[in-house]
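So the structure is just underneath, and the comments pick up after that.
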Amino acid sequence: MRLHYAGASPEPIGFLLLPRFSMMAFFSAIEPLRIANRIAGERLFTWRVIGLDGASVTASNDMTLLADDTLASAPALPSIAICASFEPEERLTRHLLHWLQQRHQSDCVLGGIDTGSLILARAGLLEGQRVTLHWESLPAFRERFPEVDAVESLFEVGPRGFSCAGGTAAMDMTLDLIARRHGDALAADVSEQLIHARMRPRHDHQRHDLTQRLGTHKHSVIEAVALMERHIETPLTLARLVARIGISLRQLQRLFEQELGERPRDHYLRLRLQHARQLLRETDRDILSIGLASGFTSASSFSRAYKQHFGTSPRQARRPLPDDAT
C-alpha cells in the first residue's frame, strides 16, 4: 500500500498475520481489493498471506486462516501490512524484527494495521513517520515510543510506510489506495458495493463524538466530560470544572445523574482508572508513575481505587511485557 507504485500490474500486497490478529480489519483491507478487481474486469491487485512459521494463523475471534507463505518463503513484495490486534508482542522474536528490517532495507514499504505499528516501532522502523493505531492502544504507545508521531486518525499513508486504526478503518485505507491508483470513480463504486456510506478521509476521528458516546445532547454534560478527558494526569476539581463551564455544582450533579446515571466525581474517576488500566497492560512503567499519570497522588491511593473499581490490584492486573525479543 505504498504511496506510489510503478511496477507491473497486478500490484502485489503482502499481509503478515500475527497470532490473535483482527479478522475484521484484515477482511476490511482485502475485500475492497477483490471488488476492485471484479468491477474493473481485470486483476489490478493480488495479495499474499504470510504467517510466522506455520501453515495457519488463528485470529482473535478463534477463526483460523491458511497462510500462503512463511517468513522464510515469502517472495519480494513492494508493500507488506503487519496485521495485529491483542497482545501483538506475544510472538515477537529477534528473527521477526530482523526480517522486517531486511524488508525495509530492500525498499519494501511496511505498514501496520490495528496494533501492527507497535511491532514496527519495536523494529525501529518508524523514525520520522506519522502513524496511527487503535485509539485504545494510543496512550500506551505514546508512552513507550515518544519519538514517534502517533495520531488518532483513521489511517496514515506516507512515502516510507502506512498505518490504520484497524476495524473498518482498514477499508477506508484500501479505498484510498484504489482511488490513488485507479481513480475516484472506481473507489466510489467499490465503496457502494460494500454498502459503505461514505469514503472517510484520513483525518476523520476514530471514535464517535461525545454526543453519540454519552447518549446525550446536553451541552454542559458534553463540555464537562470533554474537560475531564483532557485533564487525566492533573485532574480538575469539580469547582474549577463548573467554573469553566459556567454552571453551579448542583446543576452539574443533577445533569450527570439525569443523563448518565452517575455523579460527576464517579465518572471522572472511572475515566482515570480506565486510562491507568491501559498503561498497566501496555507499558512497563512502575505502579507509582502510572498512578501519577492517572491523577493519583500516591501508589496506595491509586491501588485502593483501582482494586475497588476493578476487583483486582494494579500489580495483579499488569500484563507482562517482553524486555526484549528472543
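Of all residues in segment 65-97, count the ones that are among the hydroxyl-bearing types (Ser, Thr, Tyr) and over 22 Å from the mean Cα position of the chain (by Cα).
Going through segment 65-97 one residue at a time, the tally reaches 2.
Which is more than 19 Å from Ser137 (Cα to Cα), open to solvent by 20 Å² or more (accessible area, probe 1.4 Å) and out of contact with any Phe, Trp or Tyr (no Cβ under 8 Å at 6 or more places or on another chain), of Ser289, Ser303? Please lay out each step first, then the result.
Details: Ser289 fails: more than 19 Å from Ser137 (Cα to Cα).
Being more than 19 Å from Ser137 (Cα to Cα), open to solvent by 20 Å² or more (accessible area, probe 1.4 Å) and out of contact with any Phe, Trp or Tyr (no Cβ under 8 Å at 6 or more places or on another chain) holds for just one of Ser289, Ser303, which is Ser303.
For Ser22, indicate whether it is on the phi < 0 side of the Ramachandran plot, touching a Phe, Trp or Tyr at 6+ places or on another chain (Cβ under 7 Å) and surrounded by 19 or more Cβ atoms within 10 Å (Cβ to Cβ).
It is false that Ser22 is on the phi < 0 side of the Ramachandran plot, touching a Phe, Trp or Tyr at 6+ places or on another chain (Cβ under 7 Å) and surrounded by 19 or more Cβ atoms within 10 Å (Cβ to Cβ).
Tell me whether segment 215-222 contains one or more residues that are open to solvent by 80 Å² or more (accessible area, probe 1.4 Å), in a loop (DSSP other than H, G, I, E, B), of a type outside the set (Phe, Trp, Tyr) and closer than 26 Å to Glu87 by Cβ. Steps first, please.
Taking segment 215-222 first, the residues open to solvent by 80 Å² or more (accessible area, probe 1.4 Å) are 217-219.
Right, trim to in a loop (DSSP other than H, G, I, E, B) and you get 217-218.
Next, only the ones that are of a type outside the set (Phe, Trp, Tyr) stay: 217-218.
Adding the requirement that they be closer than 26 Å to Glu87 by Cβ leaves none.
No: segment 215-222 contains no residue that is open to solvent by 80 Å² or more (accessible area, probe 1.4 Å), in a loop (DSSP other than H, G, I, E, B), of a type outside the set (Phe, Trp, Tyr) and closer than 26 Å to Glu87 by Cβ.
Select the helices (runs of 4 or more DSSP H) contained entirely in segment 116-195, then report the ones holding at least 1 residues which are more than 30 Å from Arg43 (Cα to Cα) and touching a strand residue (DSSP E or B) at 6+ places or on another chain (Cβ under 6 Å).
By residue number, 116-122, 138-144.
All but one of (1) part of a helix (DSSP H, G or I); (2) loosely packed, with under 15 Cβ neighbours inside 10 Å hold for Tyr268; state the number of the condition that does not hold.
(2)
If Phe45 passes every condition in (1) touching a helix residue (DSSP H, G or I) at 6+ places or on another chain (Cβ under 6 Å); (2) more than 27 Å from Ala179 (Cα to Cα) but one, which one does it miss?
It is condition (2) that Phe45 fails.
Taking into account only those residues within segment 285-322 that are at pLDDT below 85 and in contact with an Asp or Glu (Cβ under 8 Å, 6 or more places away or on another chain), which is nearest to Thr93 (Cα to Cα)?
In this case the residue turns out to be Pro322.
Report yes if Arg43 is part of a helix (DSSP H, G or I), on the phi < 0 side of the Ramachandran plot, among the basic types (Lys, Arg) and free of Cβ contacts under 8 Å to residues at least 40 places away in the same chain, otherwise no.
So Arg43 fails the test.
Which residues, taken from segment 124-169, are among the aliphatic types (A, V, I, L, M) and either closer than 21 Å to Ile232 by Cβ or without any contact (Cβ under 8 Å) to a residue 12 or more places away in the chain (or both)?
Answer for segment 124-169, where residues must be among the aliphatic types (A, V, I, L, M) and either closer than 21 Å to Ile232 by Cβ or without any contact (Cβ under 8 Å) to a residue 12 or more places away in the chain (or both): Leu133, Leu138, Ala140, Val148, Ala150, Val151, Ala165.
The values are calculated or read from the model by the stated rules, or taken from the named source; none is laboratory data. What you see is a predicted model, and the numbers here were worked out from it, not measured in a lab. Here Cβ is always computed from backbone atoms with ideal geometry, including for glycine, and neighbour counts include all displayed protein chains. Surface accessibility is based on the protein's heavy atoms, side chains included, excluding ligands, DNA and RNA. Shrake-Rupley method; radii C 1.70, N 1.55, O 1.52, S 1.80 Å.
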